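Trainee: I'd like to ask you about the structure that follows.
The values are calculated or read from the model by the stated rules, or taken from the named source; none is laboratory data. Worth saying up front: this structure is predicted, and the values here are computed from it rather than measured. Backbone-built Cβ (ideal geometry, glycine too); neighbour counts: all protein chains shown. Areas reflect the complete protein model, heavy atoms only, side chains present, ligands, DNA and RNA absent. Shrake-Rupley method; radii C 1.70, N 1.55, O 1.52, S 1.80 Å.
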Amino acid sequence: MLSFEQQNLSKSSSADRAERSQWLESQLKQLQASLRTGQQSLASWNGGEMAVAAVPGAGKSHSLSVAAAIAIARNQLHSRRQLVIVTYTRSAAANIKSKIRDRLKELMLPPGGFVVHTLHGLALNIANSRKELSGLDLDNVTLVVPNTGHRIIRGAVERWIAEHPRQYQRLLEGVQFDGEETERLRRQSVLRTEVLSGLTYTVVREAKSSGLLPEQLQQLSQNATDEYGILAIAAGLYEEYQRAMRAQDLVDYDDMILAALKVLEYPPMRLLWQNQVYGVFEDEAQDSSPLQERLIAILASSGSVANSEPNLVRVGDPNQAINSTFTPADPIYFNWFCETCKQQNSLATMNQAGRSSKIIIESANFVLGWVNQQWSNHQSSQKQILLPFRQQNIVTVDANDPQPDANPQPEGSGVVICHPDDVYQTVELIGSKAIALLQEHPKRNLAILVRENRQARFLAAELAYLKKEHDINIYEVGESERYSQIPVEILKLLQFIDRPHSPDNLKAALEVLQQRSLIPTQDLNALATFPEQFLYPTPLHPKHKPQVEQARRYGVNLLRARMELPNYQLIPFLGMTLKYTGSELATVQKLSEKVSQQIKGRSSLKAAIEALSEIVSSENFEGVEEDDGDRYTRPNQVTIITMHKAKGLDWDYVFIPFLHQDILPGQPWIPNAGKFLGNFTLSEVARAQIRAVVHYQHLTPNQPQAIPQPLAAWQEAVKLKQAEEYRLLYVAMTRAKRLLWMSAAQLGPFRWSVFRSDQPNSLQAKKPCPVLPVLAHHLRVNYLSNK
């Protein structure tokens, strides 16, 4: 029996626990009550499936972190029974993880009971848990992100041509062919280097992310009746690609997910993982693919209760799906999930947003409605119309909303639409407006959103005077930020170390040092003309100037490193030499490990250069992300950034120039060199055909589906492209808080890829994006007339 003291202690502990439980519950209710109406639905989730359709600026990540903290607290989750949060970038994962920990700290709870993964990080963890089941051993395989020029894709094309001469001959003949030898050779080159490599790249990603193996795609192609047999060609190229990847111990990102699914196909392992997972929250669900959806649905299902509903919450905004025409992401699956949950009364809508002024919100809503209406008018004869947007308007927040300065007062009219004479006057207008705005409000920020990186470079060059004359910073967020330039810089230094007597190699290395501000700006041609004299001058040579001597010392130190360091330490050493910091050093380490893995068993400087050259020329090497979005939104700064890169960010003032019809919504481009095949591209036709089949199978399993003919598939690809371009405009518009300025110059370049800013006479007449004049009229009628 318990002693009297022990009984009192037990009663005291029980009372403390009850009091603690009551306090915690009251804190959870307060936390939930602090959310907006739509956000509260997510926070009150208590198991099962839920879809959350959020608008731009709805506070998605904040409410997701609150909902996660409440679920962890109420279900007493711990390290052996966790909530899994899945997102698609490392920076987003770090952001959500930090927010959940903050919420748990406020509740005086330990920072556990949850884990945040990128989708591929989660797949890798599962695959590594049983390597003999997954067939994936990262100690012996190399992860690659091949582009169309990668040796794997080039090799797959050559092997397919050798194995399928009749199909290849049919492609050579195209629509019409007179047998002329020069034309034959030209077509052979186009097919080998452009058409078939592009088809392989697109089909491998599309089919694999849809869960289709080569043999399954081959079987589906039997239902096709087009004269080229495009899906059959695609299946053959896919098979050759997979065979080469296996032979060379290479994997891509989709292989990670397939490997994870192989592990989960084994019932004991599936049960083990499901028992560790209480539920799954998926962020940015509009960017998911069928393969990814399948993985998280299995994890979210109960391992012990048969046919139970998964504990799965999917949060996203189909109206911000802007990656589906160049990645396997397909927003239709999240839209379907939303409709399923709507029927089950488990669809939540976060439609309130405090980011933008009311007139900016209403302009974005108008664009959404107008585009959908145009789609309906032009496709009224179809049984099922897939609209570009989910009909979900943004609503301003309540008057007592806790967000500081929610729905701020607009700057001037709030929305400006103009039609400058040409692109040069466009820049003048933006420059003068930026000066006025940032001089009056130096703590605010401003961004110019563009569709193409070439437009960004043009703007940065033309607006360079803002820094010199007005001390306004210009920050151009280039394409290089996505695919790291570090491999290029390291390669140039390694090539110099390998052949220091080459003037080209020396100059390239000095250019890297100069770009990194490690040596003064000077005439590098003079230094590189005679490498030996520059690097090792004799007493007979004139003494180097100080800036030349500084450059020489760097060169000599690089050459000394080759003599003193083993090969595997050279790349990290070069990273330190170039004074990389933070995420740059992490990227260097990632690069070094990748090169070491690729040259395992044949380590040498030349082998390292060969491997690095292939990474530079044939892969999209992604650096380690720096979790610092603040560099894009600093005060008194003009940020020039693409619309795609701007997603997830916001600025006080947003300028969107060059809104011309040929760019937005535009038309998918058919290269002239490949038009002998018809008025379409094989890669886009194959993508549309695969999606048509997969969509049909998703809705009506085990039923055969006719494959669309090439022209019908191409028309579908055009519609998908144009719908996505309008969604991209919507994303760009909703980045603005106080001022949204849009323009379409009357004269612009025929094509930005060939435009030179020193040739203003090359401009031609341009039509504005169709929605622009309609929106301008709407604003005049409904706003200006009331003032």
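Trainee: So how many residues does the stretch 72-90 have that are outside any loop (DSSP other than H, G, I, E, B) and either open to solvent by 40 Å² or more (accessible area, probe 1.4 Å) or in contact with a Ser or Thr (Cβ under 6 Å, 6 or more places away or on another chain) (or both)?
Mentor: The initial filter retains those residues of the stretch 72-90 that are outside any loop (DSSP other than H, G, I, E, B), namely 72-74, 78, 81-87, 90.
Cutting the leftovers down to either open to solvent by 40 Å² or more (accessible area, probe 1.4 Å) or in contact with a Ser or Thr (Cβ under 6 Å, 6 or more places away or on another chain) (or both) gives us 74, 78, 81-82, 90.
Total satisfying the criteria: 5.
Trainee: Would you tally the residues in the stretch 674-689 being more than 23 Å from the chain's Cα centre (by Cα) and open to solvent by 30 Å² or more (accessible area, probe 1.4 Å)?
Mentor: Going through the stretch 674-689 one residue at a time, the tally reaches 2.
Trainee: Restricting to the stretch 559-581, what's the tally of residues that are part of a helix (DSSP H, G or I) and open to solvent by 20 Å² or more (accessible area, probe 1.4 Å)? Don't jump to the end; show me each part of the working.
Mentor: From the stretch 559-581, those part of a helix (DSSP H, G or I) are 559-564, 567-577; that's our starting set.
If we keep only those that are open to solvent by 20 Å² or more (accessible area, probe 1.4 Å) as well, we get 559-560, 562-564, 567-569, 572-573, 576-577.
So the answer is 12.
Here's the yes/no breakdown for (1) under 29 Å from the mean Cα position of the chain (by Cα); (2) at pLDDT below 95; (3) over 23 Å from Gln697 (Cα atoms); (4) open to solvent by 10 Å² or more (accessible area, probe 1.4 Å):
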position	(1), (2), (3), (4)
Pro328	yes, yes, no, yes
Thr340	yes, yes, no, yes
Leu368	yes, no, yes, no
Trp375	yes, yes, yes, yes
Asn400	no, yes, yes, yes
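Trainee: Still on this model: Just to verify a result, which residue in the stretch 285-321, among those that are under 15 Å from Trp336 (Cα atoms) and among the acidic types (Asp, Glu), is surrounded by the fewest Cβ atoms within 10 Å (Cβ to Cβ)?
Mentor: Glu293
Trainee: Any idea which of (1) basic (Lys, Arg); (2) part of a helix (DSSP H, G or I); (3) at pLDDT 90 or above is the one Arg457 doesn't satisfy?
Mentor: Condition (3) is where Arg457 drops out.
Trainee: Within the stretch 473-550, which helices (runs of 4 or more DSSP H) (wholly inside it) include 2 or more residues that are within 27 Å of Gln637 (Cβ to Cβ)?
Mentor: On the way: elements: 486-498, 503-515, 524-528, 531-535.
Of the helices (runs of 4 or more DSSP H) lying wholly inside the stretch 473-550, those with at least 2 residues that are within 27 Å of Gln637 (Cβ to Cβ) span 486-498, 503-515.
Trainee: Quick check, is Val427 closer than 30 Å to Ser289 by Cα, surrounded by 13 or more Cβ atoms within 10 Å (Cβ to Cβ) and out of contact with any strand residue (DSSP E or B) (no Cβ under 9 Å at 6 or more places or on another chain)? Full working, then the answer.
Mentor: Details: closer than 30 Å to Ser289 by Cα: no; surrounded by 13 or more Cβ atoms within 10 Å (Cβ to Cβ): yes; out of contact with any strand residue (DSSP E or B) (no Cβ under 9 Å at 6 or more places or on another chain): yes.
Criteria not met by Val427.
Trainee: Applying the selection to the stretch 164-178, what residues are open to solvent by less than 60 Å² (accessible area, probe 1.4 Å) and closer than 17 Å to Ser189 by Cβ?
Mentor: Matches in the stretch 164-178: Tyr168, Leu171, Leu172, Gly174, Phe177.
Trainee: What pairs can you find where one residue is in the stretch 263-280 and under 20 Å from Leu124 (Cβ atoms) and at pLDDT 95 or above, the other is open to solvent by less than 20 Å² (accessible area, probe 1.4 Å) and of a type in the set (Lys, Arg), and their Cβ atoms are less than 6 Å apart, with a gap of 6+ or different chains?
Mentor: Qualifying pairs under 6 Å: none.
Trainee: Across the stretch 751-770, what is the total count of residues that are open to solvent by 20 Å² or more (accessible area, probe 1.4 Å) and touching a strand residue (DSSP E or B) at 6+ places or on another chain (Cβ under 8 Å)? First the steps, then the outcome.
Mentor: Let us first name the residues in the stretch 751-770 that are open to solvent by 20 Å² or more (accessible area, probe 1.4 Å), namely 751, 753-768, 770.
Within this subset, residues satisfying the condition of being touching a strand residue (DSSP E or B) at 6+ places or on another chain (Cβ under 8 Å) are 760, 763-768.
Counting residues in the stretch 751-770 that are open to solvent by 20 Å² or more (accessible area, probe 1.4 Å) and touching a strand residue (DSSP E or B) at 6+ places or on another chain (Cβ under 8 Å) gives 7.
Trainee: Please work out which residue is most open to solvent (accessible area, probe 1.4 Å), limiting yourself to the stretch 641-665 and to residues that are closer than 22 Å to Val477 by Cβ and either in contact with a His (Cβ under 8 Å, 6 or more places away or on another chain) or assigned to a helix (DSSP H, G or I) (or both).
Mentor: Lys645
Trainee: For the stretch 582-604, indicate whether the set of residues that are farther than 24 Å from Leu250 by Cα, open to solvent by less than 30 Å² (accessible area, probe 1.4 Å) and polar (S, T, N, Q) is non-empty. Let's see the steps before the verdict.
Mentor: Step one: list which residues in the stretch 582-604 are farther than 24 Å from Leu250 by Cα, which gives 582-585.
Pick out the ones that are also open to solvent by less than 30 Å² (accessible area, probe 1.4 Å) and you get 583.
Those still in the list that are polar (S, T, N, Q) too: 583.
Yes, the stretch 582-604 contains at least one residue that is farther than 24 Å from Leu250 by Cα, open to solvent by less than 30 Å² (accessible area, probe 1.4 Å) and polar (S, T, N, Q).
Trainee: Provide a single number: the residues in the stretch 724-750 that are open to solvent by 30 Å² or more (accessible area, probe 1.4 Å) and closer than 14 Å to Asp422 by Cα.
Mentor: Here is the first cut: in the stretch 724-750, the residues open to solvent by 30 Å² or more (accessible area, probe 1.4 Å) are 737-738, 746-747, 750.
Next cut, closer than 14 Å to Asp422 by Cα only: 746-747, 750.
Number of matching residues: 3.
Trainee: Identify the residue in the stretch 671-708 that is of a type in the set (Gly, Ala, Ser) and in a helix (DSSP H, G or I) and, among all such residues, is nearest to Val157 (Cα to Cα). It would help to see each step written out before you state the result.
Mentor: Quick first cut of the stretch 671-708, residues of a type in the set (Gly, Ala, Ser) only: 673-674, 678, 683, 686, 688, 692, 706.
Still in the list and also in a helix (DSSP H, G or I): 673-674, 683, 686, 688, 692.
Numbers: Ala673: 18, Gly674: 16, Ser683: 14, Ala686: 16, Ala688: 21, Ala692: 25 Å.
So, considering only residues that are of a type in the set (Gly, Ala, Ser) and in a helix (DSSP H, G or I), the one nearest to Val157 (Cα to Cα) is Ser683.
Trainee: Would you be able to say whether some residue in the stretch 335-344 is touching a Pro at 6+ places or on another chain (Cβ under 6 Å), under 25 Å from Gly211 (Cα atoms) and part of a loop (DSSP other than H, G, I, E, B)? It would help to see each step written out before you state the result.
Mentor: Within the stretch 335-344, the subset touching a Pro at 6+ places or on another chain (Cβ under 6 Å) is 335.
From what's left, under 25 Å from Gly211 (Cα atoms): 335.
Then keep just the ones that are part of a loop (DSSP other than H, G, I, E, B); that gives none.
No, the conditions are met nowhere in the stretch 335-344.
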